[in-house]
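For reference, the structure discussed in these notes is given below.
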Amino acid sequence: MPQTMSLKFSSVFPLKKARAHEVCGDGALAFAAISAGLAQGAVVWVSEHRQPVVNPEGLLPYCDPGRLLVTRADSQNNVLASAETALRSGAAGLVVGELTGPIGLTEGRRLQLAAEAGNTTALLILPDGAGSNAAETRWRCAGLPPASALSQRQISPPQNGPDSTRWRWSLIKNKIGTLSEWIVGWDAAAHRVIVVSEAGG
Amino acid sequence: MQRRIVSLWFPRLAAERVLRAHPVDAPFALTLTERNSERIHDLCPRAESFGLQRGMTLVHARSFCPGLLTRPADPDADQRFLRLLARWATRYCPWVGLDGRDGLFLDITGSAHLLGGEAPLLDDIRARLARAGLSARLGLAGTPGAAWALARFAEGIAPPGESLSRLGPLPLSALRLADQTCTSLERLGIATVSDLHNLPRATVARRYDADVLRRLDQALGATGEQISPLQEAPGFAVRLTLPDPIGLLDDVMAGTRRLTGHLCAQLDKAQKGARMLRLTLRRVDQESQAVELRLARPMRDPERIAALFERGVGAVDAGYGIDMIRLEAVEIEALGMRQLDRAQNREKDSLDDLVTQLGNRLGLENILRFQPVDSHIPERSFTLVPAAGSPPAPAWPSRRRRPLRLFAPEPVIASGSGVRQGGEPPPRFRWRGRSLTTAQAEGPERITPAWWENDDSWRGGLRDYWRVETGEGRRLWLFHTPQAPRAPGWYVQGEFA
């Protein structure tokens, strides 16, 4: 798609409130964790029983695990229904739903309406290509190989320093603007996302 | 005011309780296994007419009466039934106590006139119990002891001051004495209460234990005797009976709202909060459906409780209409006064409501919170506790970097230029059907198993964990088991997204 104007990262992230968003790709979990860290108030995290629960220790650099309300449902339908209930109640700042299958337009639109009614942001973690057209934005996130990948394998002792992980976040659907992609990293000390470069801008 | 006591004795409480539920037209008895054989616990008058009696073995009884129908006795249920009767008896007076396993004491002092006097009161009790299928024997006197004696041996009323004249001719066992004592007194020719009363007190006190005189004094009113009223567990329930059946959701919810208002007023007075509520909707065809509501936190706010019922009530099939709604607080907890109008409280309230709503759909055990656990084993360093009633973890301890997702270890197929022993991660490996290359690796971080715990997944001994950044972009948490009993191998246990 030809891009005429570059899209500002700050205009699309942090995610727009009271809207339903979708994320897919290998780095989707980190995207959700960062969104949870930037949201206000409690975070409701809905997932299915058969999926392992997100690891709170891994969440720690991004978001305080104590803010999470972990909800375990037995089917995708119940995940969607619980997410809708949580959105509508307006008690949480962000509702994250982990889905394993595709959702239709009806489900997506219901979540969007619930998010508007409760003034709560919804974020669905989906497999690639399983989203619905009702979402406000859809992101594809992937980790970037380290810069030295091509030259040679590096072995280093364990470090506890700042995370140098980089992700490529591509905005692949945007209801109110153009698409773009960015290389981003997480600054745990400042608790914010840093944009390294505008990859596709 | 002169004390007046009614003693109520149910001679066939156990048998009649069962017969009420399962009427039979045959000699009937309850059996209980005692002293290694099945014995008759209680029986109906028809069975008694065959010469059966309590304590007889069942085999013996069957030889008298081959057509005897029996059921196993349930003494605990009988006691519950007696408590129920005690609660019913509070319609006559507020002060009702249990008397042994088959009797009640009613302290009707000052309340007999409500039913037109003592005789009409006894008649009323007798008539109501007869209608319920219970035979009862009643005695009314100035003391529990005298009332007890009258109920067992000479039904009737002893007017104030006439206890002795009414009790005098009764046998000694009317004094609630042990059988042995009665026999021994009877051998001396002392057969009735008046005989005992006429003896010099000093001689009786010297020869018999103190119980004899104490029982006599209690019966005649010289010594006081307390009746302990039952402590009634506070019950919180309200009911709405409708003249015409209703069926629309809005109507039922309006009724529910009215009930929650009343119930919450009751709870408020007692400083309690409901933890679990049951709304029973009875339909015209006598079917009843219950909607249960488990709350994340004790609550007595009528508006919020009514709102939480909405989903459950919507699922009820009203059939031809609902004519009775009953709301009961099944589980209650103490809930003190609380300051209401603070923003922080409101936020917490709405989160608790959300826990309740989600819990009603998925079960409260599925709404969880993370709590840190002091363990160096990565998969055991946290636990999930139900969010209802548990505060969030105050501060999470900061540890080493851990993956965002942990899963059960998955073996990888290492390939590439010679897998070095106990060494560094393989340069190339296959995992979940993808071939990946190691671009950067951080490690090792050695974690030894908790030897004091017997964990099958840690059979392989200690693990060297590596944080591997692959050339394909995924960041995995690999470990190597250098001490594994079989071949040491590489496994993936988590993924840093």
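Would you mind stating whether B:S350 is of a type in the set (S, T, Y), within 14 Å of chain A (Cβ to nearest Cβ) and part of a loop (DSSP other than H, G, I, E, B)? No; evaluated as a whole, the condition is false for this residue. B:D464 fails exactly one of the following numbered conditions: (1) open to solvent by 20 Å² or more (accessible area, probe 1.4 Å); (2) within 11 Å of another protein chain (Cβ to nearest Cβ). What is the number of that condition? Checking B:D464 against (1) open to solvent by 20 Å² or more (accessible area, probe 1.4 Å); (2) within 11 Å of another protein chain (Cβ to nearest Cβ), the one that fails is (1). Here B:E38 meets the list (1) touching a strand residue (DSSP E or B) at 6+ places or on another chain (Cβ under 8 Å); (2) open to solvent by less than 80 Å² (accessible area, probe 1.4 Å) almost entirely, failing just condition (2). Within the set A:R67, A:R140, the sole residue that is touching a Phe, Trp or Tyr at 6+ places or on another chain (Cβ under 9 Å), open to solvent by 20 Å² or more (accessible area, probe 1.4 Å) and among the basic types (K, R) turns out to be A:R140.
Flag: B:P397 matches the condition of being open to solvent by 20 Å² or more (accessible area, probe 1.4 Å) and more than 8 Å from chain A (Cβ to nearest Cβ).
Selection of the range A:29-38 for residues being open to solvent by less than 20 Å² (accessible area, probe 1.4 Å) and more than 7 Å from chain B (Cβ to nearest Cβ) yields A:F31, A:A32, A:I34, A:S35, A:A36, A:G37.
For the range B:455-462, the count of residues that are touching a Ser or Thr at 6+ places or on another chain (Cβ under 7 Å) and modelled with pLDDT of 85 or more is nonzero. Of all residues in the range B:381-402, those that are free of Cβ contacts under 8 Å to residues at least 60 places away in the same chain have Cβ atoms under 8 Å from Cβ atoms of residues that are among the polar types (S, T, N, Q) and in a loop (DSSP other than H, G, I, E, B), 6 or more apart or on another chain, in B:S381/B:S375; B:F382/A:N55; B:R399/B:S381; B:R400/A:N160.
Set side by side, the residues A:I125, A:I103 differ, and just one is away from every other protein chain (no Cβ under 11 Å) and either within 28 Å of B:S398 (Cβ to Cβ) or buried (at least 21 other Cβ atoms within 10 Å of the Cβ) (or both), which is A:I103. Just to be sure before I move on: is A:A42 closer than 18 Å to A:S89 by Cα and away from chain B (no Cβ under 11 Å) in the structure I sent? Answer is no for this residue. Taken together, B:G494, B:G471 contain a single residue that is open to solvent by 20 Å² or more (accessible area, probe 1.4 Å), under 25 Å from A:D26 (Cα atoms) and out of contact with any Cys (no Cβ under 9 Å at 6 or more places or on another chain), which is B:G471.
One line per residue, one yes/no per condition, for (1) at pLDDT below 85; (2) open to solvent by 30 Å² or more (accessible area, probe 1.4 Å); (3) among the charged types (D, E, K, R):
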| position | (1), (2), (3) |
| --- | --- |
| B:M324 | no, no, no |
| B:A329 | no, no, no |
| B:Q344 | yes, yes, no |
| B:E365 | no, yes, yes |
| B:F370 | no, no, no |
| B:P386 | no, yes, no |
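The residue list A:L60, A:L80 contains one member that is crowded, with 17+ Cβ neighbours inside 10 Å, within 17 Å of the chain's Cα centre (by Cα), more than 7 Å from chain B (Cβ to nearest Cβ) and among the hydrophobic types (A, V, I, L, M, F, W, C), which is A:L80.
Regarding B:T356, is this residue hydroxyl-bearing (S, T, Y) and closer than 14 Å to B:A237 by Cβ? Spelling it out, it is not the case that B:T356 is hydroxyl-bearing (S, T, Y) and closer than 14 Å to B:A237 by Cβ. Take the conditions at the interface with another protein chain (Cβ under 7 Å from one of its Cβ atoms), among the acidic types (D, E) and surrounded by 13 or more Cβ atoms within 10 Å (Cβ to Cβ) and apply them to B:E445. Does it pass? Here the answer is yes, as B:E445 does meet what is asked. Is it true that A:P52 is open to solvent by 60 Å² or more (accessible area, probe 1.4 Å) and either of a type outside the set (S, T, N, Q) or more than 10 Å from chain B (Cβ to nearest Cβ) (or both)? When the stated conditions are applied, A:P52 does not pass them.
Considering B:E225, B:E292, the condition of being at pLDDT 85 or above and assigned to a loop (DSSP other than H, G, I, E, B) is satisfied by B:E225 alone.
Considering the conditions (1) touching a Lys or Arg at 6+ places or on another chain (Cβ under 8 Å); (2) closer than 24 Å to B:R300 by Cβ, B:L384 is excluded by exactly one of them, (2). Consider A:G66 carefully, then state whether it is more than 7 Å from chain B (Cβ to nearest Cβ) and touching a strand residue (DSSP E or B) at 6+ places or on another chain (Cβ under 8 Å). When the stated conditions are applied, A:G66 does not pass them.
Does B:T437 count as within 13 Å of another protein chain (Cβ to nearest Cβ), open to solvent by 30 Å² or more (accessible area, probe 1.4 Å) and at pLDDT 85 or above? Yes.
Applying the selection to the range B:205-258, what residues are crowded, with 16+ Cβ neighbours inside 10 Å, out of contact with any Ser or Thr (no Cβ under 9 Å at 6 or more places or on another chain) and among the polar types (S, T, N, Q)? Once the filter is applied, which keeps residues that are crowded, with 16+ Cβ neighbours inside 10 Å, out of contact with any Ser or Thr (no Cβ under 9 Å at 6 or more places or on another chain) and among the polar types (S, T, N, Q), the range B:205-258 yields only B:T256.
The values are calculated or read from the model by the stated rules, or taken from the named source; none is laboratory data. The structure displayed is predicted, hence computed values, not measured ones. Note that we place each Cβ from the backbone using ideal geometry, even for glycine, and neighbour counts take in every protein chain shown. Surface areas here come from the heavy atoms of the whole protein model, side chains and all, with no ligands, DNA or RNA. Shrake-Rupley method; radii C 1.70, N 1.55, O 1.52, S 1.80 Å.
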